[in-house]
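Visitor: If you scroll down you'll find the structure; I have some questions about it.
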Amino acid sequence: MLMRWLGHSCFYFESSQGIRIVIDPFDAATGYQPPSVEADLCLCTHLHHDHHAVEVLLGNPEVIDTPGRHEFRGIKIRGLKSYHDRNKGQDRGANVIFFLEVDGVRLAHCGDLGVPMDAMMMADFGRVDVLMVPVGGTYTITAKDAWAIVQMVAPKIVIPMHYQTPHSKVDLAPVEKFLGCAGLEAGPAPLEQLDLPVGLPAAKKQVVLLTYPGC
């Protein structure tokens, strides 16, 4: 499976069967180049313009933006209801954490998760191979809260997202705060993409940084 970060909280996946998936497409107001890629399936964690700009995508993707169990061409998807803020959604609304398994790799995308993880949420996570978690604070959990989630979930690969970059117009903390929580003062060298093998063999927990188009 091929995996790319397109900026902000947006990711592109292509399965070994050629199924193209985009999570949380954004518009130009974010400061990033909108993700004009072709998709078969689009998952949106909530309705804000920087996570639900389906109109920028090419093709005619099926859109899933609700909690519950879904399926698309044999890919099982589960959406877990959560909140965009610590006030049970009264400030910024609801958020969906999406879990999906592609080529035997279990992915979890936290969207704009705004509350720290508790025991109930932990029980709902289950096994996670690749975790995409917001780390920029302001509108989501902080870097410290994000690292606490990583420690509880224990994924094989952690990919931080939704943090300050030279292109982001959203006021967020830089990724270095999260890296500091992880004990990685220098940080790993960013990659253009990840090629995840089928089943993702057992590996030591690692933080992976990805570049985005135009950076």
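The values are calculated or read from the model by the stated rules, or taken from the named source; none is laboratory data. Computed from a predicted model, the values in this text were never measured in an experiment. Every residue, glycine as well, gets a Cβ built from its backbone with ideal geometry; the counts of neighbours run over all protein chains shown.
Visitor: Would a scan of the stretch 190-205 turn up a residue that is without any contact (Cβ under 8 Å) to a residue 40 or more places away in the chain, in a loop (DSSP other than H, G, I, E, B) and among the hydrophobic types (A, V, I, L, M, F, W, C)?
Guide: Scanning the stretch 190-205 turns up no residue that is without any contact (Cβ under 8 Å) to a residue 40 or more places away in the chain, in a loop (DSSP other than H, G, I, E, B) and among the hydrophobic types (A, V, I, L, M, F, W, C).
Condition check ((1) in a loop (DSSP other than H, G, I, E, B); (2) among the polar types (S, T, N, Q); (3) free of Cβ contacts under 8 Å to residues at least 12 places away in the same chain; (4) on the phi < 0 side of the Ramachandran plot) across all residues:
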site	(1), (2), (3), (4)
M132	no, no, no, yes
D145	no, no, no, yes
I159	no, no, no, yes
L172	yes, no, no, yes
A186	yes, no, yes, yes
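Visitor: Right, another one. Quick one: how many residues across the stretch 8-35 are under 18 Å from L58 (Cβ atoms), assigned to a loop (DSSP other than H, G, I, E, B) and not small (G, A, S)?
Guide: Residues meeting the conditions: 9.
Visitor: Only one of these is modelled with pLDDT of 95 or more, surrounded by 19 or more Cβ atoms within 10 Å (Cβ to Cβ) and within 22 Å of V128 (Cα to Cα): V158, V153. Name it. Don't jump to the end; show me each part of the working.
Guide: Numbers: V153 fails: modelled with pLDDT of 95 or more.
When all the criteria are applied, what remains is V158.
Visitor: I'm checking my understanding of the structure. Among residues of the stretch 52-91 that are under 19 Å from A146 (Cα atoms), under 18 Å from the mean Cα position of the chain (by Cα) and not in a strand (DSSP E or B), which one is modelled with the lowest pLDDT?
Guide: The qualifying residue modelled with the lowest pLDDT is D85.
Visitor: Among (1) crowded, with 22+ Cβ neighbours inside 10 Å; (2) touching a His at 6+ places or on another chain (Cβ under 7 Å); (3) closer than 27 Å to L200 by Cβ, which single condition is F178 missing?
Guide: Only one criterion is unmet by F178, namely (2).
Visitor: Quickly run through the stretch 114-128 and pick out the residues that are closer than 19 Å to W147 by Cβ and without any contact (Cβ under 8 Å) to a residue 12 or more places away in the chain. Steps first, please.
Guide: Our first condition is that a residue be closer than 19 Å to W147 by Cβ; within the stretch 114-128, this holds for 114-119, 121-122, 125, 128.
Selection gives D118, A119.
Visitor: Does the stretch 203-211 include one or more residues that are of a type in the set (A, V, I, L, M, F, W, C), at pLDDT 90 or above, more than 15 Å from M1 (Cβ to Cβ) and surrounded by 11 or more Cβ atoms within 10 Å (Cβ to Cβ)?
Guide: yes
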